[in-house]
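The values are calculated or read from the model by the stated rules, or taken from the named source; none is laboratory data. Fair warning: this is a prediction, and the values are worked out from it, not measured in the lab. Because the Cβ atoms are built from the backbone with ideal geometry, glycine has one as well, and the counts that use them run over all protein chains shown. Ligands, DNA and RNA are stripped out before the accessible areas are found, and what is left, the full protein with its side chains, is counted by its heavy atoms. Shrake-Rupley method; radii C 1.70, N 1.55, O 1.52, S 1.80 Å.
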Amino acid sequence: QVQLVESGGGLVQPGGSLTLSCVASGFPFSSYAMSWYRQAQGKERELVALITDGGGWRDYADSVKGRFTISRNNAKNTVYLQMNSLKSEDTAVYLCNWYGTQYWGQGTQVTVSS
């Protein structure tokens, strides 16, 4: 069965950095686009970043452009989200998604606070 397992969340000060990882299994990872979403308390889930199957095209929410980088390692069935210059408004549960499907990870909490 399809599994997406995120890791790497935590508490970080404003201006700090974190890298999230998502290990996928149960489907041909290298053939599909992958994405990261986030959901802050009381807000709707929003798309943060998207990467195509080969990694040749990436897109980002305006709110994270220039600060976040999505990447993938198809040999390891893993997609990453490098987050720099973190702000308090980045606080949310971050979820990995097999893009365009109903398959989601369990989420990892990112809290940006001093």
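Tabulated data
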read-out: Residues of the stretch 55-106 satisfying the condition of being small (Gly, Ala, Ser), over 16 Å from Pro28 (Cα atoms) and touching a strand residue (DSSP E or B) at 6+ places or on another chain (Cβ under 6 Å); value: Ala61, Ser71, Ser88, Ala92, Gly105
read-out: Members of the stretch 86-108 found to be open to solvent by 60 Å² or more (accessible area, probe 1.4 Å) and of a type in the set (Ser, Thr, Tyr), listed by number; value: Ser88, Tyr99, Tyr103
read-out: Pairs, first of a type in the set (Val, Ile, Thr) in the stretch 44-58, second in a loop (DSSP other than H, G, I, E, B) and open to solvent by less than 60 Å² (accessible area, probe 1.4 Å), C-beta under 7 Å, six or more apart; value: Val48/Ala61; Val48/Val64; Ile51/Ala33; Thr52/Ala33
read-out: Subset of the stretch 11-57 (residues that are loosely packed, with under 12 Cβ neighbours inside 10 Å and assigned to a strand (DSSP E or B)); value: Ser25
read-out: Cβ-Cβ under 6 Å pairs, at least 6 apart or on other chains, the stretch 8-24 side within 13 Å of Val93 (Cβ to Cβ) and in contact (Cβ under 8 Å) with a residue 40 or more places away in the chain, far side hydroxyl-bearing (Ser, Thr, Tyr) and surrounded by fewer than 16 Cβ atoms within 10 Å (Cβ to Cβ); value: Gly8/Thr19
read-out: Conditions (1) closer than 18 Å to Val112 by Cβ; (2) aromatic (Phe, Trp, Tyr); (3) out of contact with any Leu (no Cβ under 8 Å at 6 or more places or on another chain); number of the one not met by Phe29; value: (1)
